[in-house]
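Okay, so here's the structure we're looking at.
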Amino acid sequence: MKLQQLRYIWEVVRHDLNVSATAQSLYTSQPGVSKQIRLLEDELGVEVFARSGKHLTHVTPAGEKIIELAGEILSQTQNIKRVAKEFSDERKGSLDIATTHTQARYALPKVINEFIDGYPDVTLHMHQGTPMQIAEMSNDGVVDFAIATEALEQFSNLVMLPCYKWNRSVVVPKDHPLASVGKLTLEALSQHPIVTYVFGFTGRSQLDEAFQEAGLEPNVVFTAADSDVIKTYVRLGLGVGIVATMAYDDVQDADLVSLDASHLFEDSCTKIGIRSNTFIRGYMYKFIESFAPHLTKDVVMSAMEAANRQDVEALFEGIDLPRH
């Protein structure tokens, strides 16, 4: 059994059983990948993949267990490499982050700029996607950690570190009727078409729950994953926008009016999700603390060593998280 063979079966699953795409991503040949998978199956005495002719159709029950273990082994080999790098040169390496548009556009620029200045020899890669996609990337070890508000809790293998709380604002053109309303109500919002986030993005669940608890049906006419896209369609008159407060810029959005809506919706919490067996290098701790100052190295280490998610949550009881 070779690590290369384990990497091949792991990557084949990540590429939806497309051997050609897997070979291309690994810079090798399709016949080479197929041959190594067959050699592994012959050695193990079981099929990892079911086939129809030359095509892989699905993962066998035995294959599911084998691939799960292969992922853990490959993750540990990466940790071994990181340990070696940590002791050879703690200021060189790479950092892969997965996050959503809102975090990348509004919460991370200053942190990333300071990190690059402090660690010029660390290559930083940012992967953007839906909360579910980036949570999967972290869970699968594709990235070092994910930063998001939604979806992280669906993966039991992720240690979730609370970073900051935030709420929402309603953005409207200056001549919109709501622009002159003293204090917003859900009833007033429900009387206008709404432009907001796609379900599963940027705290959308809290928005829906607030209307539901009030017995109201929001007239959501357009959704997007990108705050800037939402504001664009507000400018076109499609509806009133509900966005994260941090997504309103006093200068760039001066043509719009921002109305505080924090009294209408529960706070949302942005978290960092880290695969439980990840080896965290020194500069990774620095990045985390720069993004969320209360997440010091000692706190993060305690969270990573906690026995379960309840113990992690207990670490942060009573802590007043910063607000964005």
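In the set (1) in contact with a strand residue (DSSP E or B) (Cβ under 8 Å, 6 or more places away or on another chain); (2) open to solvent by 50 Å² or more (accessible area, probe 1.4 Å); (3) under 30 Å from Ala135 (Cα atoms), the condition left unmet by Glu266 is number (1). In segment 197-215, which residue that is closer than 13 Å to Leu264 by Cβ and either touching a Gly at 6+ places or on another chain (Cβ under 8 Å) or open to solvent by less than 10 Å² (accessible area, probe 1.4 Å) (or both) is modelled with the highest pLDDT? Across segment 197-215, the extreme among qualifying residues is Phe211. Of all residues in segment 76-93, none are of a type in the set (A, V, I, L, M), open to solvent by less than 60 Å² (accessible area, probe 1.4 Å), over 24 Å from Asn277 (Cβ atoms) and part of a helix (DSSP H, G or I). Scanning segment 236-247 for residues that are in a loop (DSSP other than H, G, I, E, B) and surrounded by 16 or more Cβ atoms within 10 Å (Cβ to Cβ) gives a single hit, Gly239. Taking segment 94-120 as the range and being among the acidic types (Asp, Glu) and open to solvent by 50 Å² or more (accessible area, probe 1.4 Å) as the test, the residues that pass are Glu114, Asp117. Pairs linking a residue in segment 6-25 that is under 16 Å from Ser52 (Cβ atoms) to a residue that is assigned to a loop (DSSP other than H, G, I, E, B) and open to solvent by 40 Å² or more (accessible area, probe 1.4 Å), with Cβ atoms under 8 Å and 6 or more positions apart or on different chains, are Val12/Asn18.
Look at Glu72 and say whether it is in a loop (DSSP other than H, G, I, E, B) and in contact (Cβ under 8 Å) with a residue 60 or more places away in the chain.
Here the answer is no, as Glu72 does not meet what is asked.
Taking first residues from segment 306-324 that are at positive phi and partners that are part of a loop (DSSP other than H, G, I, E, B), no Cβ contact under 7 Å between residues at least 6 apart in sequence or on separate chains turns up.
Screening segment 269-300 for residues that are modelled with pLDDT under 95 and assigned to a loop (DSSP other than H, G, I, E, B) and picking the one that is surrounded by the fewest Cβ atoms within 10 Å (Cβ to Cβ) gives Asn277. Of the residues screened, Tyr233 is one that is open to solvent by 40 Å² or more (accessible area, probe 1.4 Å), within 19 Å of Thr102 (Cβ to Cβ) and out of contact with any Leu (no Cβ under 8 Å at 6 or more places or on another chain).
Looking only at residues in segment 1-34 that are touching a Ser or Thr at 6+ places or on another chain (Cβ under 8 Å), part of a helix (DSSP H, G or I) and open to solvent by less than 60 Å² (accessible area, probe 1.4 Å), the one that is farthest from Met137 (Cα to Cα) is Val33. Within segment 251-260, the presence of at least one residue that is in contact (Cβ under 8 Å) with a residue 60 or more places away in the chain, assigned to a loop (DSSP other than H, G, I, E, B) and open to solvent by 40 Å² or more (accessible area, probe 1.4 Å) is confirmed.
Scanning segment 100-129 for residues that are in contact (Cβ under 8 Å) with a residue 12 or more places away in the chain, over 19 Å from Arg323 (Cβ atoms) and among the β-branched types (Val, Ile, Thr) yields a count of 3.
The values are calculated or read from the model by the stated rules, or taken from the named source; none is laboratory data. From a predicted model like this one, the values you see are computed outputs, not experimental measurements. As a convention, Cβ positions derive from the backbone with ideal geometry for all residues, glycine included, and neighbour counts pool all protein chains shown. For the accessible areas, the whole protein counts, side chains as well, though only heavy atoms, and no ligand, DNA or RNA atoms are used. Shrake-Rupley method; radii C 1.70, N 1.55, O 1.52, S 1.80 Å.
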